1. With every protein chain kept in the model, how would you rank Ile264, Ile55 by accessible area, 1.4 Å probe, largest at the top?
2. With a 10 Å radius around each residue's Cβ, average the other Cβ atoms per peptide and rank 70-77, 81-88, highest first.
3. With contacts defined as alpha carbon pairs under 8 Å and 6 or more residues apart, what's the relative contact order of segment 203-267 in percent?
4. With springs connecting C-alpha atoms under 10 Å apart, model the chain as a Gaussian network and identify which of Phe146, Phe241, Phe217 has the largest mean-square fluctuation.
5. Considering only Ile63, Cys22, Gly190, whose Cα is most displaced toward the positive end of the charge dipole of the chain, charges sitting on Cβ of Lys, Arg (+1) and Asp, Glu (-1)?
6. Taking only C-alpha pairs under 8 Å that are 6+ residues apart, what is the relative contact order of the chain in percent?
7. Give me the mean projected area, in nm² to one decimal, of the convex hull enclosing the Cα positions of segment 60-163.
8. Can you classify segment 1-123 as rounded, prolate or oblate using the Cα gyration tensor, where a ≥ b ≥ c are the square roots of its eigenvalues, rounded means a/c under 1.5, and otherwise it's prolate if a/b beats b/c and oblate if not?
Amino acid sequence: MSSKLGRNDPCWCGSGKKYKKCHQQFDEKINHYAVMGHEVPDHSIIKTPEQIEGIRESAKINIAVLDYVAENIRIGMTTEEIDKLVYEKTTELGGIPAPLNYNEFPKSVCTSINEVVCHGIPSNDVILKDGDIINVDVSTIYNGYFSDSSRMFCIGNIGEEKKRLVDVTKECVKKGLEMVKPWTFLGDMGQAVHEHAVKNGYSVVREIGGHGVGLKFHEDPWVSYVSKAGEGMLLVPGMIFTIEPMVNMGTDKVFVDKNDEWTIYTADKKPSAQWEIMVLVTEEDHEVLAY
Ligand code: MF3
Ligand code: CO
């Protein structure tokens, strides 16, 4: 983070103020961490108030779409029908489903049932049955701004074991969120998530993580949920990223479907759960933008 700006130049953030009256001290503080050997954020992932407002509007649509799925999801429905719900609600609200055609992903949403960890592709052949747990992962583009969140849904009567997995995974996200504050580290959050999962006898997927989000679908930093306190990127106000751990009942090992090259499964075919929120680091604390 070497800023070549002069003290009297306009600030990089677009406020129109002089650098010395705006982000100069902020940059010096970040630079201090960089000198100490920490990974620090680039200006490109620190959002301006105007960008945050745009991202917040996108996130409102994302929330509304997931609320709509929650109202309509039911036993006997195909995941293709969930895709239709997501496409229709997103476009009705003026948004574009971000997954559609993203790196050739063929649908508007990811639907991941039981042993599917993530990136399940909606299909006419997959029918929700009694006892299933499903993650519905919705992402929206609105006015060029991106949002991303996902929830678990329990179909019919799920057993005690799956219920506990779903609940503990949600608790993991909450424990992680509590650690998100400016001038702490991403690993503080990751360790809190991991510890809670392990304490409950579960494992956390290592290869797939969360991400910065807002101006693009996937931005820096890459976000691990098996990381260590004091490590990982420094958090500063204006950063936005996802907390979306994939928590497995058995092994943390996963593999990708050879045919579709998207669907990720647990190696032992035991169930996996995931909840995803999108969080903004604020001056004092944090704000959940999407859930
Ligand atoms: N929504 C997923 C995430 O949380 C991304 C899925 S990429 C897609 O990062 F193409 F499968 F949609
Ligand atoms: Co995400």
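1. Most to least solvent-accessible, the answer reads Ile264, Ile55.
2. Per-residue mean Cβ counts within 10 Å order the peptides as 81-88, 70-77.
3. Worked out over segment 203-267, it gives 35 percent.
4. Phe217
5. Result: Cys22, furthest along the dipole toward the positive end.
6. Averaging sequence separation for qualifying contacts and normalising by length gives 19 percent for the chain.
7. 6.3
8. Numbers: a/c = 3.71, a/b = 2.37, b/c = 1.56.
Note, shape of segment 1-123 comes out prolate.
The values are calculated or read from the model by the stated rules, or taken from the named source; none is laboratory data. Not measured: the values here are computed from a predicted model. Heads up, the Cβs are rebuilt from the backbone with ideal geometry, glycines too, and the neighbour counts pull from every protein chain shown. Please note that ligands, DNA and RNA were not included when accessible areas were found on the heavy atoms of the full protein model with its side chains. Shrake-Rupley method; radii C 1.70, N 1.55, O 1.52, S 1.80 Å.
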